[in-house]
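The values are calculated or read from the model by the stated rules, or taken from the named source; none is laboratory data. Predicted, not measured: the structure shown is a model, and the values here were computed from it. Reconstructed Cβ throughout: ideal geometry from the backbone, glycine too, with neighbour counts over all protein chains shown. Accessible surface areas use protein heavy atoms only, side chains included; no ligands, DNA or RNA. Shrake-Rupley method; radii C 1.70, N 1.55, O 1.52, S 1.80 Å.
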Amino acid sequence: MINSFFAIIYTFLGISQITEPTGDVFKDFLNAFFFSAQTITTVGYGAMAPKGLLFGIISSFEALIGLLSFSFITGLLYGRFSRPRANIRFSSTMVLRAHNENDCIMFRLMSRNANVMIRPHIEATLILSQKNEDKKYINNFYNLKLERNSITYLPTTWTIVHPINESSPLKDFDREELKKINGEVLILVSYYDESFAQEVHQVHSYVLKNLEHDQRFIPAFYYDDEGYTILDHDNLDKTYSDKTT
């Protein structure tokens, strides 16, 4: 659009100040358009050049617009694609099953790419919408204690476990009540990304109503004949029933 705008100006003021007129308005416009494209990109092949003070001022102004525009676009693209972002994949399901003599809520995660997650740390927050004394719903926030909330590095998958014991805010709810209460688990994962040389963060959430009872996650990695670990991303969400074991 910018090239067309300046091409119209060049054609209207006289294409003879750039190149020899062809006698055809459309062909003259095309020549003006190509000259405009060479000017705004500062290519300057040399076949066409402005003559006179007026065309020199206009073409210089267009070249300045081109330099500023490309600098602005380059800055936007660099800021968009160079911004560090966490690249974590969470399991689509959160399961509830017996583990170490307690019912436990579990989900798991893995890295989407080949980079190893260094010093990953997880914080889990439970949000419960409950009625207060005035019979109005309010949000109550609780910190969920995890069996382990940080590790040194993560080359494969990590199953996050919250035991429903005496210190759990869910201890007063049985299994059926857990699927009926209006609750959500917010997950914040932080880790050091060696590609960007800084810490990155990612947020995810699970709704308690979607809990799957008595399910186990299928292992998402195995070892080949040479002893190398093979990570199977397709198995991250797959589960099987405890009753079939």
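List of remarks:
- Beta carbons closer than 7 Å, at least 6 apart along the sequence or on distinct chains, pair a first residue in the stretch 46-64 that is over 13 Å from residue 7 (Cα atoms) with a second that is in a loop (DSSP other than H, G, I, E, B) and open to solvent by 50 Å² or more (accessible area, probe 1.4 Å) for 56/50; 63/42.
- Which numbered condition residue 119 fails, given (1) farther than 23 Å from residue 1 by Cβ; (2) open to solvent by 90 Å² or more (accessible area, probe 1.4 Å); (3) not in a strand (DSSP E or B): (3)
- Consider the stretch 154-191 and keep the residues that are hydroxyl-bearing (Ser, Thr, Tyr) and not in a strand (DSSP E or B). The one that is nearest to residue 127 (Cα to Cα) is 168.
- Only one entry in 185, 161, 203, 95 is open to solvent by less than 30 Å² (accessible area, probe 1.4 Å), touching a residue at least 12 places away in the same chain (Cβ under 8 Å) and within 22 Å of the chain's Cα centre (by Cα), namely 185.
- Residue list for the stretch 129-153, restricted to those being in a strand (DSSP E or B), surrounded by fewer than 18 Cβ atoms within 10 Å (Cβ to Cβ) and not polar (S, T, N, Q): 131, 137, 138, 141, 142, 153
- Strands (runs of 3 or more DSSP E) wholly inside the stretch 206-245 that include at least 3 residues being touching a residue at least 24 places away in the same chain (Cβ under 8 Å): 215-217, 239-241
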